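The values are calculated or read from the model by the stated rules, or taken from the named source; none is laboratory data. Everything quoted here is computed from the prediction, not taken from an experiment. All Cβ positions, glycine included, derive from the backbone under ideal geometry; neighbour counts span all protein chains shown. For the accessible areas, the whole protein counts, side chains as well, though only heavy atoms, and no ligand, DNA or RNA atoms are used. Shrake-Rupley method; radii C 1.70, N 1.55, O 1.52, S 1.80 Å.
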Protein chains: 2
Amino acid sequence: MKLATYSSADSRDGRLLVVSRDLARAADATTIVPTLQAALDRWDAVAPRLASLYDALNAGDLDGTFPFDPVLAESPLPRAYQWLDGSSYLAHGRLLDRAFNIPPIPQADVIPIMYQGGSDDFLPPHGDAPFASDEDGIDFEAEFAIVVGDVPMGADEATARDSVKLVLLANDWSLRALQPWEMKRGFGLIHSKPSTAFAPVAVTPDELGGAWRDGIIDLRVLTAWNGQPFGRPSGGAMDYRYAQLLTHAARTRRLRAGTIVGFGTTSEGQPDVVGSACITERRGFEIIQEGAPKTPFMKFGDTVKIEVLDADGRSVFGSIEQRVVPAQGAATP
Amino acid sequence: MKLATYSSADSRDGRLLVVSRDLARAADATTIVPTLQAALDRWDAVAPRLASLYDALNAGDLDGTFPFDPVLAESPLPRAYQWLDGSSYLAHGRLLDRAFNIPPIPQADVIPIMYQGGSDDFLPPHGDAPFASDEDGIDFEAEFAIVVGDVPMGADEATARDSVKLVLLANDWSLRALQPWEMKRGFGLIHSKPSTAFAPVAVTPDELGGAWRDGIIDLRVLTAWNGQPFGRPSGGAMDYRYAQLLTHAARTRRLRAGTIVGFGTTSEGQPDVVGSACITERRGFEIIQEGAPKTPFMKFGDTVKIEVLDADGRSVFGSIEQRVVPAQGAATP
């Protein structure tokens, strides 16, 4: 099943659509449930009805369908009650530790790194991404994320696995010039992690077919910067499975329905072979290889496109296509 | 105006009530707007109608009112899109730096400390607070918080000041045994900051009268542990005004309506004179005075009560009254 959210004058949470598998057409789903969060709040009751609508849409058996326009889409959850972003690719962290000559994060190889992200204001997948300054080290991070139902405190991996409802593709915008200082303070990332964007279409895990297996997502994440291919690392390189991220997140608290958990910037740790999913990884590689970074961070006017294709070359989640603009005077909703 | 939320079978966000100034009676507000978040989403349109209802309730001019029972209340926002907790009392940090012989947080005296907290699952103000283990250093933190409307990125202090809609009283539960390790990692606090609880009644700033002035809240926060008075530090000792916390939070991102911003554990840095609003501050003082902490953290079965009284001794927000219980088998909704 594929779901998306169009903006709505009535609700900051938008209105729910079902989108056809090929992303060509959509149908209003608000007669079943008004928003994606409302669907997640009572998923077991609502999901079968949404699935029936989805099947009818794919079969061409529905009246009142319309072309799906990703430009009109919000992030599937325009705002969420929780956004926890992990770091599942150890090769990424090791490369950066080496490049910047910093001690490894304590126990990063046995306990996932994770931060609590802001979730009140996700950006639409297509359009302007406003920033305070392009001197802050503006960087994209192309990554997978999952959306869960309720997860009890202290959940084991089997319980955690069963809680997964949806898979998302994210651009976890980062401000690299501000991050080291925030990390030194020890209280986490606020200035260095502005609003995240998600690709327009949320998909149930079964839509990934064989690429959803063993707790990983074995699909390449394609990133282009100003129209030039930048990276195509595979999600299959994940060291932490999603159930491990979830049991970590739920160790001392419940996770409530609609919680989004990210896998962190996709990485094979080989920017020379597959590129990378964020600029800082390429810069780290340049430091190791050449003694200094040569790739700059993004500037106002720059664009990024992030997409995932299935084995037949079809877009799975739709694309993220954003342009970096100054917050002052930005066309923000 | 005073507002509260009762639980509801229809919505995880509960249903909105208006509560009389003396906290004795309540009236259903859902004919105006169903939930507090929905009210915050369009505050300018909704607040005058809620205020009229509140005035009629206080005047005894309403039919269909009922006794307000805080035991039936949820946190005013049972879940929120953002919970940012600052640290406004420098004396607190200085005492802990000295006690634990740790270097000060970089620039804590000129830039507020703040962490992004989990906001998907606030606890009800009365009842069980479930924890995974009472070996984790369970500690209360009694503190003020504000709820804001939309705050633009890069807002100045005047804009930030105008965004404040409501004031809350919070218990920011903390797990002290887990906090140093998380801080060393640099990615913030997940395990050491489980679900927060808020007193049952949210109040508009005008309800605080002269105690709401110069960007601070000049009221004492009273805490009792297992029925014994533990602290009564004044919010008036704040070093960072709320507008400073807000401009810090909004430096690189917008804050959207319903964002909660906390002032951090209330402290005058004088546990021997006014007690403290968390156990760790008392323990720090014991280390400084006696070389070792003697007060233990909370154990299963312990209770905490947190309340704020006005100049006439009347409860402003209603009380937080929680009992520490094991998560396994806890009576969680």
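Restricting to region B:135-151, give me the number of residues that are open to solvent by 30 Å² or more (accessible area, probe 1.4 Å) and more than 22 Å from residue B:203 (Cα to Cα). Break it down stepwise before answering.
Here is the first cut: in region B:135-151, the residues open to solvent by 30 Å² or more (accessible area, probe 1.4 Å) are B:135, B:150.
Restricting the remaining residues to those that are more than 22 Å from residue B:203 (Cα to Cα) gives B:135.
Residues in region B:135-151 being open to solvent by 30 Å² or more (accessible area, probe 1.4 Å) and more than 22 Å from residue B:203 (Cα to Cα): 1 in total.
Is there a residue in region B:140-157 that is more than 9 Å from chain A (Cβ to nearest Cβ), more than 30 Å from residue B:312 (Cβ to Cβ) and outside any loop (DSSP other than H, G, I, E, B)?
Yes, region B:140-157 has at least one match.
Where the second residue is modelled with pLDDT of 95 or more and not in a helix (DSSP H, G or I) and the first is closer than 21 Å to residue B:162 by Cα and open to solvent by 70 Å² or more (accessible area, probe 1.4 Å) and lies in region B:35-56, which pairs have Cβ atoms under 7 Å and are six or more apart or on separate chains?
B:49/B:32
With assigned to a loop (DSSP other than H, G, I, E, B), open to solvent by less than 30 Å² (accessible area, probe 1.4 Å) and among the charged types (D, E, K, R) as the only criterion, which of A:120, A:109 stands out? Walk me through how you get there before you give the answer.
On the way: A:109 fails: open to solvent by less than 30 Å² (accessible area, probe 1.4 Å).
Criteria check complete, one pass: A:120.
Would you point out which residue out of B:295, B:252, B:280 is among the β-branched types (Val, Ile, Thr), under 20 Å from the mean Cα position of the chain (by Cα) and in the same structural domain as residue B:131 (by TED's automatic domain parsing)?
On the way: B:295 fails: under 20 Å from the mean Cα position of the chain (by Cα); B:252 fails: under 20 Å from the mean Cα position of the chain (by Cα).
So the residue among B:295, B:252, B:280 that is among the β-branched types (Val, Ile, Thr), under 20 Å from the mean Cα position of the chain (by Cα) and in the same structural domain as residue B:131 (by TED's automatic domain parsing) is B:280.
Hey, does region A:181-196 have a residue that's modelled with pLDDT of 95 or more and closer than 19 Å to residue A:2 by Cβ?
No, there is no match, as no residue in region A:181-196 is modelled with pLDDT of 95 or more and closer than 19 Å to residue A:2 by Cβ.
Restricting attention to helices (runs of 4 or more DSSP H) lying wholly within region A:216-333, give those where 1 or more residues are free of Cβ contacts under 8 Å to residues at least 40 places away in the same chain, of a type in the set (D, E, K, R) and open to solvent by 10 Å² or more (accessible area, probe 1.4 Å).
Details: elements: A:242-249, A:271-274, A:279-290.
Per the criteria, A:271-274, A:279-290.
Going through B:87, B:11 one at a time, which residue ends up being open to solvent by 20 Å² or more (accessible area, probe 1.4 Å), under 30 Å from residue B:270 (Cα atoms) and small (Gly, Ala, Ser)? First the steps, then the outcome.
Values: B:11 fails: under 30 Å from residue B:270 (Cα atoms).
Every option except B:87 fails the conditions.
Is there any pair with a first residue in region B:6-30 that is β-branched (Val, Ile, Thr) and a second that is assigned to a loop (DSSP other than H, G, I, E, B) whose Cβ atoms are under 7 Å apart and which are 6 or more apart or on different chains, and what are they?
Close Cβ pairs satisfying both conditions: B:18/B:29; B:19/B:68; B:19/B:201.
Report, by residue number, each residue of region B:158-185 that is facing another protein chain (nearest Cβ under 8 Å), open to solvent by 10 Å² or more (accessible area, probe 1.4 Å) and in contact (Cβ under 8 Å) with a residue 24 or more places away in the chain.
B:178
Out of the residues in region B:49-107 that are of a type in the set (Gly, Ala, Ser), over 30 Å from residue A:150 (Cα atoms) and within 25 Å of the chain's Cα centre (by Cα), state the one that is farthest from the other protein chains (Cβ to nearest Cβ).
Of region B:49-107, the ones of a type in the set (Gly, Ala, Ser) are B:51-52, B:56, B:59-60, B:64, B:73, B:75, B:80, B:86-88, B:91, B:93, B:99.
Add one more test, that the residue is over 30 Å from residue A:150 (Cα atoms), and what stays is B:51-52, B:56, B:59-60, B:64, B:87-88, B:91, B:93, B:99.
Pick out the ones that are also within 25 Å of the chain's Cα centre (by Cα) and you get B:51, B:87-88, B:91, B:93.
Values: B:51: 23, B:87: 8, B:88: 14, B:91: 18, B:93: 11 Å.
That would be B:51.
Of the residues that sit in region A:186-215 and are hydrophobic (A, V, I, L, M, F, W, C) and in a loop (DSSP other than H, G, I, E, B), which one is farthest from the other protein chains (Cβ to nearest Cβ)? Even if it seems obvious, please write down each step before you answer.
Restricting attention to region A:186-215, the residues satisfying the condition of being hydrophobic (A, V, I, L, M, F, W, C) are A:187, A:189-190, A:197-199, A:201-203, A:208, A:211-212.
Then drop every residue that is not in a loop (DSSP other than H, G, I, E, B), which leaves A:187, A:189-190, A:199, A:201.
Numbers: A:187: 4, A:189: 6, A:190: 6, A:199: 20, A:201: 22 Å.
Only one residue fits best here, namely A:201.
Can you find a residue that is touching an Asp or Glu at 6+ places or on another chain (Cβ under 7 Å), hydrophobic (A, V, I, L, M, F, W, C) and open to solvent by less than 20 Å² (accessible area, probe 1.4 Å) anywhere in region A:192-210?
The answer is no; no qualifying residue exists.
Whether any residue in region B:68-78 is of a type in the set (Gly, Ala, Ser), in contact with a helix residue (DSSP H, G or I) (Cβ under 8 Å, 6 or more places away or on another chain), in contact (Cβ under 8 Å) with a residue 12 or more places away in the chain and crowded, with 19+ Cβ neighbours inside 10 Å is what I want to check. Please lay out each step first, then the result.
Quick first cut of region B:68-78, residues of a type in the set (Gly, Ala, Ser) only: B:73, B:75.
Narrowing the set further to residues that are in contact with a helix residue (DSSP H, G or I) (Cβ under 8 Å, 6 or more places away or on another chain) leaves none.
Checked against the condition, which is being of a type in the set (Gly, Ala, Ser), in contact with a helix residue (DSSP H, G or I) (Cβ under 8 Å, 6 or more places away or on another chain), in contact (Cβ under 8 Å) with a residue 12 or more places away in the chain and crowded, with 19+ Cβ neighbours inside 10 Å, region B:68-78 yields no hits at all.
Any chance you could count how many residues in region A:90-106 are open to solvent by 40 Å² or more (accessible area, probe 1.4 Å) and within 19 Å of residue A:293 (Cα to Cα)?
5
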